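The block underneath contains the structure these notes are about, expressed in structure tokens.
The values are calculated or read from the model by the stated rules, or taken from the named source; none is laboratory data. Quantities reported herein were computed from a predicted structural model and do not represent experimental measurements. Every residue, glycine among them, receives a Cβ derived from its backbone with ideal geometry; neighbour counts consider all protein chains shown. For the accessible areas, the whole protein counts, side chains as well, though only heavy atoms, and no ligand, DNA or RNA atoms are used. Shrake-Rupley method; radii C 1.70, N 1.55, O 1.52, S 1.80 Å.
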Amino acid sequence: MMDAKSLLVLEFPAIRARLADQTNFPPSRRLAEGLQPSDDPVIVARALQETDEARAFTAEHPGAGIGGAHDIHDAVERAARGGRLDTGQLLEIRDTLEAAGRLADALSEERRPLLRELGRAIQPLPALHATLERSIDPSGELLDGASPALGSLRRAVRVAYDRLRTRLDELVHGGELSGVLQEPIVTLRNGRYVVPVRSDARTRVRGIVHDQSGSGQTVFVEPLVAVELGNAWREAQLAEQAEVERILDHLSGLVGTQANALRATLEALARFDFWSAKARLAATMDAVRADTAREPVVELLGARHPGLSGRVVPIDVRLGGEFTALVITGPNTGGKTVTLRTLGLLALMHQAGLHVPAQQGSRLPVFRDIHADIGDEQSVAQSLSTFSGHMRSIVRIVDAASPGTLVLLDELGAGTDPTEGSALAQALLDHFIRSGALVAATTHYAELKTYAHNTAAAMNASVDFDLETLSPTYHLTIGLPGTSQAFAIAERLGLRQDLVTDARSRLTRAQVEFEETLAAIRRQRAETADALERARAAEARAKDAQRQAEQERVRSKRAEIERAAQAREEAERMVADLQAELRAARRALERETLTASRLEALEGSLSERLARIPVPDRPATAGPVPVRWQVGMEAQHVRGGWIGRVTSIDEGRGRATLEAGGLRVETDLDDLVRPGTAPSGDAGAAAAGGAPRTGRRGVFGEEPAVRIRSAAAAVGETRRAGTGSRSAGAAGGPGPAAKAPGSSAGMAALAGPRRAVPSSLDLRGARVEEALELLDRYLDDASLAGAAQVTVIHGHGSGALRDAVLALLAGHPLVQSWRPGERGEGGDGATIVKV
């Protein structure tokens, strides 16, 4: 436990009260009201992490919370002891479980460890919640469906009531009681329905007297003919009440059996709301988490006292490290005491797991204890404590001071003879420095300014005062002592000049020189601060210009990407058109209807369209850096664009084998570069026969220029093959091109020079995206090679790869049909594709 008196002096209870006001229901409010700073670094770190996580979570989920939850502690404890709960208590439990369920859902996918742990502690008890929801309506009344019998019992009550009222209305408004009633009404007395009969006519009405008026002129009689009906109504009511009590006992018993889970859920809801309250308080204060210093060093940047309102001047406070004692001087109302209170209160808030009103980069250690002597009547603006009051507190603090403690002393040595007071103050400061404590003290004594200047472990500090407005600036300057500004203030307030001059003349030569030196140092510091501010402004302007240049570069890059995308779309469209014409040419060849004139027209169309393919300008790039390849390295093929792993190297032949997915390809070492460094622009075009290449998925996606040139070559070969066939036919017999559709000669003529393509592609072990890219390339190669049928091996597994393969085949322009493999073809683990 931290020093209780210091908590009061530093106004920590006011922070607790503000925190409690941020909570949403009594259990979390009790947690806030009981908050205490801790001296355990582990506890402090966890409490700060609670605030961090809650602040981040509430920013991401502003609607999440415990809305609708109630303090069900007493009801749960009553049910756990076997007591009966009323419908209002059961309704509150139902609402609390509903709120718990919402919060548990919000935390179900939470990645932050403390919130994730908290979410697991919440038990929404869906079965109990559903039972209560079926039994109680939002107004707190039992529903007819709360039990199988309750609905019928309530209908019986209504039927009995209707019969009773009908009979009584007949008596009142008929002729049976004519002339004996005081008024023609039916009223209720002692739970029984009666009619008002005149006293003098009492004997004319047979029935039971339940009451009489104050004057005695009227008696309230339950007519005998209505007694049995009234009894039937009352019996129905009693039966309904018995069923209601049975239901309440049953529901209370269900609550009692879940008492432990309900306690845990209520505690978790309270903790979440308490953490959220800490986050909300931090937001209202514009607070940050101070870094926890491992060593006893305080560094507060832009610190603000949370109790001040209006225009608050932030202060920077440093203590520890080079000096462990800070002596603050300056005029009255200048902010000396505010500095002590700010330092002490922010240290307490930090150790209570709260964010502090300061700037990022502030540091606070975890103190073993904090002791403050600011006086019982001390306010932020003025000290009213006496010397004896100070001494009573200081005696206690002297015994408690030790390494890891923070000591705050206001007006040290004041209230007595200045000579003795300053000597006592110096002795106390020496003691606190030797004890290893951090100490900050305010004073008006010039001797303490000298002491702080001459003592290695002490440092002067001062608060500034604006002589023009006669008001404090509340700015703290560390390294310089302050002055009381008594002469200047007296002069500005109108004290005669001769009196001020006489007072100045009574100062010693040393005192005058000391004040002049301080004034010179302050002027120099002000000039340095102005120069620094100008330098910072220039730096800010430079950064702004750099940011604008970067934004312009990004805009230019985005425009370049958009132009490339448009070029790719246009190229892809043209590729699709040409592929369709090639397929039509193939079908015509198979039907032996492809003529020489049509071949010439097709070749001319291909050449013309190829010339129109948009190719975006690309900056020339330097060639790839030579690499000493080793087995196991990843490499990219400069012409193919695909990436694989080097599985073998033949240095003598200058060859290497690459593996990608289920394929292995042997290639020249000179065709390999590191992934991502494949040449583009002119270099890439040269490597790919003039087509700009950026890898498999480059500017034009699937290398449309290369595919179109391959198509053009195929048309040329087809033309030559068709010419040969016509010549052979003219000689008296069908040439090779006149063979049956799908013949090897006809397919070779369409595809051009054959490329060696395996009859199967093994995709097992490859990622889906990689497998689809390999399959797309394989189908292109198989089509150009004239393969009629290929096998795609995808395995069984989870079926994800097979489904992705089938989806690609369904929309691929080169695929005619496909079917599952049969026995001997791989079964369901393979797909047979016709191209």
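The table below lists the values:
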{"read-out": "Among the candidates G83, G68, residue that is under 25 Å from Q241 (Cα atoms) and part of a loop (DSSP other than H, G, I, E, B)", "value": "G83"}
{"read-out": "Only listed residue being under 45 Å from the mean Cα position of the chain (by Cα), under 30 Å from H812 (Cβ atoms) and in a helix (DSSP H, G or I), chosen from A580, A564, A584", "value": "A564"}
{"read-out": "Total residues in the stretch 132-157, condition under 21 Å from E92 (Cβ atoms) and of a type in the set (A, V, I, L, M)", "value": "5"}
{"read-out": "Positions within the stretch 127-141 being in contact with a helix residue (DSSP H, G or I) (Cβ under 7 Å, 6 or more places away or on another chain) and open to solvent by 10 Å² or more (accessible area, probe 1.4 Å), in sequence order", "value": "L128, H129, T131, E133, R134, E141"}
{"read-out": "Residue within the stretch 190-201 that is part of a helix (DSSP H, G or I) and open to solvent by 10 Å² or more (accessible area, probe 1.4 Å) present", "value": "yes"}
{"read-out": "Residue under evaluation Q22, criteria (1) polar (S, T, N, Q); (2) at pLDDT below 95; (3) closer than 30 Å to Q89 by Cβ, criterion not met", "value": "(2)"}
{"read-out": "Selection within the stretch 10-33 - open to solvent by 20 Å² or more (accessible area, probe 1.4 Å) and either more than 9 Å from A277 (Cβ to Cβ) or small (G, A, S) (or both)", "value": "E11, P13, A14, R16, A17, R18, P26, R30, E33"}
{"read-out": "Number of positions in the stretch 821-833 that are surrounded by 11 or more Cβ atoms within 10 Å (Cβ to Cβ) and either at pLDDT 90 or above or assigned to a loop (DSSP other than H, G, I, E, B) (or both)", "value": "8"}
{"read-out": "Qualifying residue in the stretch 788-810 (condition: touching a Phe, Trp or Tyr at 6+ places or on another chain (Cβ under 9 Å), open to solvent by 40 Å² or more (accessible area, probe 1.4 Å), part of a helix (DSSP H, G or I) and small (G, A, S))", "value": "yes"}
{"read-out": "Conditions (1) over 24 Å from L582 (Cα atoms); (2) at pLDDT below 85; (3) open to solvent by 30 Å² or more (accessible area, probe 1.4 Å): number failed by A766", "value": "(3)"}
{"read-out": "Residue list for the stretch 73-87, filter: within 40 Å of the chain's Cα centre (by Cα) and of a type outside the set (A, V, I, L, M)", "value": "H73, D74, E77, R78, T87"}
{"read-out": "Residues of the stretch 414-440 that turn out to be among the small types (G, A, S) and closer than 11 Å to Y451 by Cβ, as a count", "value": "4"}
{"read-out": "The stretch 811-820, residues that are open to solvent by 30 Å² or more (accessible area, probe 1.4 Å) and not in a helix (DSSP H, G or I)", "value": "P813, Q816, S817, W818, R819, P820"}
{"read-out": "Residue that is nearest to L262 (Cα to Cα) [pool: residues in the stretch 100-124 that are of a type in the set (A, V, I, L, M, F, W, C) and surrounded by fewer than 21 Cβ atoms within 10 Å (Cβ to Cβ)]", "value": "A121"}
{"read-out": "Test result for R280, under 15 Å from A75 (Cα atoms), in a helix (DSSP H, G or I) and not polar (S, T, N, Q)", "value": "no"}
{"read-out": "Q237 vs. criteria open to solvent by 60 Å² or more (accessible area, probe 1.4 Å) and assigned to a helix (DSSP H, G or I)", "value": "no"}
{"read-out": "Pair list, Cβ under 8 Å, 6 or more apart: the stretch 495-514 residue exposed (fewer than 10 other Cβ atoms within 10 Å of the Cβ), other residue at pLDDT 70 or above and not aromatic (F, W, Y)", "value": "Q497/E491"}
{"read-out": "Boolean, R294 is surrounded by fewer than 24 Cβ atoms within 10 Å (Cβ to Cβ), of a type in the set (D, E, K, R) and within 30 Å of P26 (Cβ to Cβ)", "value": "no"}
{"read-out": "Single unsatisfied condition, I433 versus (1) at positive phi; (2) in a helix (DSSP H, G or I)", "value": "(1)"}
{"read-out": "Residues within the stretch 326-351 that are in contact with a strand residue (DSSP E or B) (Cβ under 6 Å, 6 or more places away or on another chain) and surrounded by 24 or more Cβ atoms within 10 Å (Cβ to Cβ), tallied", "value": "17"}
